[in-house]
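See below for the structure under consideration.
The values are calculated or read from the model by the stated rules, or taken from the named source; none is laboratory data. The structure presented is a predicted model; accordingly, all values stated were derived computationally and were not measured. Ideal geometry is used to build each Cβ from the backbone, glycine not excepted, and the neighbour counts take in all protein chains shown. For accessibility, only protein heavy atoms count, side chains too; no ligands or nucleic acids. Shrake-Rupley method; radii C 1.70, N 1.55, O 1.52, S 1.80 Å.
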Amino acid sequence: MTSANPHGAPRLESLSGRGVFFLAVAAGVATSTSYIVQPELTRIAADLGASLASTSTAAGLPVLGYMFGLALLVPLVDLLPARQLVSVQLAVLSLSLALAAIATNVYAFGAALLCSGLCASTGAQMSTLAGKHSPTETRGRALGSVTAGISAGVLLGRAVGGGLADGIGWRAMLVIVAGACLVCAAGSRVILPGAAQRGAQPYLATLVAMPRLLRTSPELSVAAVSGALWFFAFSLIWMGLSLALAMPPLNLSPTVIGLYSLAGVAGIVATRVAGQLADRFGSRLVVFAGLALALACTLAMAPALSFAPLMLLALALFDTGLFAAQVANQRRVLNIDPLQPARFNSVYMVVYFMGGSLGTAFAGPIVSYFGWPAAAVTAVFALAAAGALYLMREPRRAGSGLSPRSEQGSG
């Protein structure tokens with residue numbers, strides 16, 4: 001149900017605590033589907049009669065689909081009832097995983113995974129919904145909860161997928177995860193808001209206008225580019241570390257290297273706390289604090305590759321800082337237009353993931369040719385640039401064309 005606020009603007013139906021919790025769980029389940037097959041690529045390649053290279057390419061298609069989903073599907077949050085939108089996407093995600101489970105060749109397997117990645121972007125829709133349907137004073141906390149779910153999906157997807165596949169086979173694992181998505185689809189029909197939003201511009205007009213938002217909305221451009229810079233640093237550190245640990249002189253096994261990812265649990269815990277702090281003190285303060293912590297930890301990691309205790313502690317705090325910055329930054333983006341935030345969040349997430357993709361791509365050459373310290377120093381420069389951009393390009397409201405409400409609670 002919608003109502004009117006004292007200023008005459010419509011107020012959207014609010015999510016209950018149960019609704020926010022459901023979004024966090026469902027977002028985690030949906031996001032995890034892009035990673036669950038990665039530990040079993042050798043076995044999947046053998047079952048499909050395909051090369052490991054082609055199977056690895058197929059396993060990477062969900063990420064590509066996810067990027068398309070961020071651009072094409074997230075804006076639908078402003079156009080369709082949440083109950084209808086999320087339930088349909090989760091149902092199609094479930095069907096895609098089931099089709100991947102019965103695939104007999106790598107082409108069908110890859111096509112099904114591409115579709116699953118497209119629908120897995122509903123996790124980003126859910127973070128938008130959490131901000132859109134939460135009061136300003138609790139928006140950060142709700143967003144932090146859903147972001148924690150997404151982070152858990154990324155972190156645990158490989159572990160859960162690998163564990164289930166080892167026990168019952170990769171095909172049965174996909175069927176079970178498909179069933180979990182179907183359960184979430186049914187839950188969304190009951191828990192999420194069902195009212196249609198009025199006044200949003202048509203879908204195609206929204207897509208056409210989205211690229212211009214980076215030019216016409218200084219607040220969005222600053223948030224998106226700075227976010228891309230620190231996601232570049234995040235991806236560079238984690239991919240670079242995996243490569244450096246596997247190379248001489250350490251030559252660690254994949255299992256031992258995988259244990260380093262457990263340091264990311266601290267970041268998951270930090271997201272909800274960061275959202276609460278952003279609600280109380282404003283987004284900018286939390287972003288700067290998170291970036292400062294991440295930068296200090298990156299400097300500490302540069303000489304610490306061979307000293308596991310320091311590296312693990314620095315990684316945990318590094319993730320904590322950047323996860324906190326991400327929650328606060330995204331909260332600020334959602335506050336630009338609280339009634340129609342999806343188009344802003346869609347643009348933000350596309351630019352953000354572009355930064356992460358570049359970080360992943362650059363990690364290999366930097367570590368291979370210049371070593372781990374060079375990767376850490378490069379990440380330091382990216383983090384410093386993100387902080388400087390945030391500091392120097394504080395958006396001016398006058399003449400920006402932004403809603404006066406965008407500053408409310410944005411910090």
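Please work out whether segment 20-74 counts as rounded, prolate or oblate from its C-alpha gyration tensor, where a ≥ b ≥ c are the square roots of the eigenvalues and a/c under 1.5 means rounded, while otherwise a/b larger than b/c means prolate and anything else oblate?
oblate
With 0.36 nm allotted per residue and the present C-alpha distance subtracted, the Phe21-Ile257 stretch has 81.8 nm of extension available. Each residue of segment 311-318 is assigned a 3J(HN,Hα), and the resulting list reads 4, 5, 5, 5, 4, 4, 6, 4 Hz, derived from the Karplus form 6.51 cos²θ - 1.76 cosθ + 1.60 (θ = phi - 60°), x at Gly and Pro.
Note on Ile168 and Phe370: the model spin-label points, each 7 Å out from Cα along the C-beta direction, lie 4.7 nm apart.
Projected onto its three principal axes, the C-alpha set of segment 150-264 covers 58, 38, 22 Å, listed from the longest axis down. Put a plus charge on the Cβ of each Lys and Arg, a minus charge on the Cβ of each Asp and Glu, and nothing anywhere else: the dipole of the chain about its Cα centre is then about 880 debye. Projecting the Cα positions of Leu174, Val106, Ser188 onto the charge dipole of the chain (unit charges on Cβ atoms of Lys, Arg, Asp and Glu, taken about the Cα centre) puts Ser188 furthest along the positive direction.
In whole percents, the pair-distance distribution calculated for the chain from its alpha-carbon pairs, binned every 20 Å from zero, is 28, 58, 14, 0.
Highest mean packing first, where packing is the average number of other Cβ atoms within 10 Å per residue, the peptides 92-101, 299-308 line up as 92-101, 299-308. For segment 112-260, the relative contact order is 7 percent, taking Cα pairs closer than 8 Å that sit 6 or more residues apart in sequence and dividing their mean separation by the residue count. Each listed q (0.14, 0.16, 0.20 Å⁻¹) maps to a log10 I(q)/I(0) for segment 249-316, found by the Debye formula over equal Cα scatterers with no solvent: -0.53, -0.65, -0.88. Structure remark: mean-square fluctuation, Gaussian network model of the chain, C-alpha springs under 10 Å; the largest value among Pro193, Pro75, Pro248 belongs to Pro248. In order along segment 209-217, the Karplus-derived 3J(HN,Hα) couplings, from 6.51 cos²θ - 1.76 cosθ + 1.60 at θ = phi - 60°, round to 7, 4, x, 5, 4, 5, 8, 8, 10 Hz, and Gly and Pro are given as x.
Of all the options Leu313, Leu295, Leu113, the one that moves most in a Gaussian network model of the chain with Cα springs shorter than 10 angstrom is Leu313.
When peptides 203-212, 228-237 are sorted by average Cβ neighbour count within 10 Å, with the highest value leading, the order is 228-237, 203-212.
Per residue, the accessible area of the chain comes to 41 Å² when a 1.4 Å probe rolls over the protein heavy atoms. In this simple spin-label approximation, Phe307 and Ser14 carry label points 7 Å from Cα along the Cα→Cβ vector, and these lie 5.0 nm apart.
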